[in-house]
Amino acid sequence: MQVAVLGLGRFGSHLAEALDDLGHEVLAIDLDESNVHELAPRVTDARIADITDIDALRALALSEVDVAVVATADLEASVLAMMNLQQLEVQMVYAKASTDRHARILRLLGAKRVIRPERDGAERFAHIIRVAAASDFLPLTASYGIGVFPIPATWVSQTVEWALERAGDRRLIAVVRGDEVLLNPVMSERVLVGDKFVFSALDERLGEPLDGRR
């Protein structure tokens, strides 16, 4: 997939690198020469250009990308960039916002989804604090989520069924084994060193010890 990232501050630069790591063809754009030069070795292509200038974006063939992300938090620059992308008929556009008002404007301009990294990250981290044993966590509601849990040492070589009897009031979604994901694992499957269990439940249940002890 071809993805253009417009604006290479901290968020935009990290996003561009992450997209490149996932195998996407990344075009990173910023007017700041130092930002572009720093990121250039880590993405497919990095260009110095003004994202508020439609002719500059047209020259970079932005109309041909699959996805564009307006990653600047500057209100004026992000609005002008969104308008440019609409004129260039980029079908899938995501954008970063710094305030609720900013987010509403970007949605009105056609953003498929608006991201507020500081707020969204803080909300997610608040859940992680409550579910401290999880190595990763996705909140689904204010009180319910999905967590990825390293297994207790006592679970190794036991069956999945045995482990679930000690997991408390949690629903097993998958077992992660290296790069493999075992959906609906067989109950007789033996747990291996390094396995992780993916559970869904109320936060308060996910926060309880996996070994069943209180």
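A few remarks follow.
- Top-ranked residue of the stretch 52-111 - restricted to ones that are within 17 Å of ALA28 (Cα to Cα) and among the polar types (S, T, N, Q), ranked as surrounded by the most Cβ atoms within 10 Å (Cβ to Cβ): SER78
- Considered as a group, the residues in the stretch 167-187 that are open to solvent by 80 Å² or more (accessible area, probe 1.4 Å) and more than 13 Å from PHE149 (Cα to Cα) include one that is farthest from the chain's Cα centre (by Cα), and that residue is VAL186.
- Residues that are under 16 Å from ILE51 (Cα atoms) and either among the hydroxyl-bearing types (Ser, Thr, Tyr) or part of a helix (DSSP H, G or I) (or both), drawn from the stretch 12-28: GLY12, SER13, ALA16
- Within the stretch 195-204, restricting attention to residues that are open to solvent by 30 Å² or more (accessible area, probe 1.4 Å) and at pLDDT below 95, the residue that is nearest to TYR144 (Cα to Cα) is LEU202.
- Search result, residues across the stretch 129-169 that are in a loop (DSSP other than H, G, I, E, B), among the aliphatic types (A, V, I, L, M) and touching a residue at least 40 places away in the same chain (Cβ under 8 Å): VAL131, ALA132, ALA133, ALA134, LEU140, ILE151, ALA167
- Failed item in (1) closer than 30 Å to ASP74 by Cα; (2) open to solvent by less than 50 Å² (accessible area, probe 1.4 Å), with GLY147 passing the rest: (1)
- Positions within the stretch 54-106 being more than 19 Å from the chain's Cα centre (by Cα), assigned to a loop (DSSP other than H, G, I, E, B), at pLDDT 95 or above and within 26 Å of ARG119 (Cβ to Cβ), in sequence order: VAL90
- Residue count for the stretch 13-46 under the criterion of being under 21 Å from GLN91 (Cβ atoms) and either in contact with a Ser or Thr (Cβ under 7 Å, 6 or more places away or on another chain) or of a type in the set (Lys, Arg) (or both): the result is 3.
The values are calculated or read from the model by the stated rules, or taken from the named source; none is laboratory data. For clarity, every value in this text was computed on a predicted model and none was experimentally measured. Ideal geometry is used to build each Cβ from the backbone, glycine not excepted, and the neighbour counts take in all protein chains shown. Surface areas here come from the heavy atoms of the whole protein model, side chains and all, with no ligands, DNA or RNA. Shrake-Rupley method; radii C 1.70, N 1.55, O 1.52, S 1.80 Å.
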